[in-house]
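Novice: Following this message is one structure expressed as structure tokens.
The values are calculated or read from the model by the stated rules, or taken from the named source; none is laboratory data. Computed from a predicted model, the values in this text were never measured in an experiment. All Cβ positions, glycine included, derive from the backbone under ideal geometry; neighbour counts span all protein chains shown. Side chains are part of the model used for accessible areas, which takes the heavy atoms of the whole protein and leaves out ligands, DNA and RNA. Shrake-Rupley method; radii C 1.70, N 1.55, O 1.52, S 1.80 Å.
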Amino acid sequence: MKSHNEGLLSVHAAVLIFGVTALFSKLITLSAIEITLLRSIFAIAAIAIYIKYLNESFKLKHKRDYLIASLLGFFLAMHWVTYFHAMQVSSIAIGIISLYAFPVITVFLEPFFHGERPHIQYILSALLILFGIYLLVPEFSLDNQTATGVFWGVLSAFLFAMRNIIHGRYFKTYPARHALFYQTLAVIVLLTPFTAQIIPEVNQTQWLQLLLLGIFFTAHPHTLFTNRLLHL
């Protein structure tokens with residue numbers, strides 16, 4: 001019970017930090033893809049230094065695990081890009097509220113992976129949250145900023161839920177730091193062809209913001225979140 005409660009506390013702390021992360025979507029005047037790539041560079045550097053400090057091996061146990069890590073990295077990359085894009089086209093509040101539909105989506109997706117029926121209270125909670133998100137949308141039109149933000153936010157939530165479920169099903173034997181290292185590496189490989197040319201144009205203030213985002217608001221909370229999901 002103590003471990004369970006500590007896990008819940010850690011997950012809530014990570015989610016709180018995720019909320020602060022949203023502020024960078026407005027502070028950093030770069031596209032969502034550019035922010036995602038550059039934050040990943042700082043994040044993977046911090047994780048690599050920590051793994052090296054612990055004198056741990058970077059190797060995975062099986063060849064197929066590299067493929068799974070790449071798939072997880074794809075979902076993580078698309079989640080980060082759509083999350084920041086949702087807030088850039090609408091508002092931070094809309095983006096965050098829409099993103100936090102991911103527990104709802106998880107409730108409906110998990111049975112396909114685990115073969116278990118969701119508890120009735122989870123379904124009722126999910127429907128209530130979906131109704132709340134529905135109330136946010138004044139009209140279902142791509143010309144409406146709120147509707148567009150909700151669309152990208154919910155898509156980001158779906159991608160995040162998929163990443164979490166697949167991780168918990170196929171990659172939970174690895175420490176969170178190793179899992180995030182390879183997922184972030186996949187993010188960098190996927191996005192570099194689209195954004196490498198922006199690096200020389202980033203100014204000093206943006207580099208500082210990206211450093212904070214990558215280390216304190218990416219590497220730390222995602223490692224915390226992933227680690228505690230192993231115990232919940």
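Novice: Only one of these is out of contact with any Leu (no Cβ under 8 Å at 6 or more places or on another chain), open to solvent by 10 Å² or more (accessible area, probe 1.4 Å) and over 23 Å from TRP207 (Cα atoms): LEU8, LEU16, LEU27. Name it.
Specialist: Answer to the selection: LEU16.
Novice: To continue, here is another question. With the structure loaded, tell me whether LEU99 is within 30 Å of VAL189 (Cβ to Cβ), in contact with a Ser or Thr (Cβ under 9 Å, 6 or more places away or on another chain) and not charged (D, E, K, R) or whether it fails that test.
Specialist: Yes, satisfied.
Novice: For residues that are outside any loop (DSSP other than H, G, I, E, B), surrounded by fewer than 18 Cβ atoms within 10 Å (Cβ to Cβ) and touching a residue at least 60 places away in the same chain (Cβ under 8 Å), tally how many sit in the stretch 161-178.
Specialist: Number satisfying all stated conditions: 3.
Novice: Would you point out which residue out of PHE158, PHE131, PHE151, PHE181 is of a type outside the set (A, V, I, L, M), within 16 Å of the chain's Cα centre (by Cα) and open to solvent by 50 Å² or more (accessible area, probe 1.4 Å)?
Specialist: None of the others qualify; the one that does is PHE158.
Novice: Go through the stretch 167-197 residue by residue and tally those that are farther than 24 Å from LYS52 by Cα and in contact with a Phe, Trp or Tyr (Cβ under 7 Å, 6 or more places away or on another chain).
Specialist: Selection size over the stretch 167-197: 2.
Novice: Next question, about the same structure. How many residues are touching a residue at least 60 places away in the same chain (Cβ under 8 Å) and of a type outside the set (Phe, Trp, Tyr) when one looks only at the stretch 96-130?
Specialist: 2
Novice: Looking at the stretch 30-37, is at least one residue in contact with a Lys or Arg (Cβ under 6 Å, 6 or more places away or on another chain) and surrounded by 14 or more Cβ atoms within 10 Å (Cβ to Cβ)?
Specialist: The answer is no; no qualifying residue exists.
Novice: Are there any pairs with C-beta distances below 8 angstrom linking a residue in the stretch 188-206 that is at pLDDT 90 or above to a residue that is in a helix (DSSP H, G or I) and of a type outside the set (A, V, I, L, M), with the two at least 6 apart or on different chains, and if so which?
Specialist: Qualifying pairs under 8 Å: ILE188/SER40; VAL189/GLY73; LEU190/GLY73; LEU190/PHE74; LEU191/THR36; LEU191/SER40.
Novice: With closer than 29 Å to GLN206 by Cα and without any contact (Cβ under 8 Å) to a residue 40 or more places away in the chain as the only criterion, which of ALA86, ALA46, ALA93 stands out?
Specialist: None of the other options fit; the residue is ALA93.
Novice: Out of all the residues in the stretch 192-213, which are out of contact with any Leu (no Cβ under 6 Å at 6 or more places or on another chain) and of a type in the set (Ser, Thr, Tyr)?
Specialist: THR192, THR205, listed by residue number.
Novice: Quickly run through the stretch 51-93 and pick out the residues that are assigned to a loop (DSSP other than H, G, I, E, B) and surrounded by 17 or more Cβ atoms within 10 Å (Cβ to Cβ).
Specialist: Residues satisfying the conditions are LEU60, SER90, SER91.
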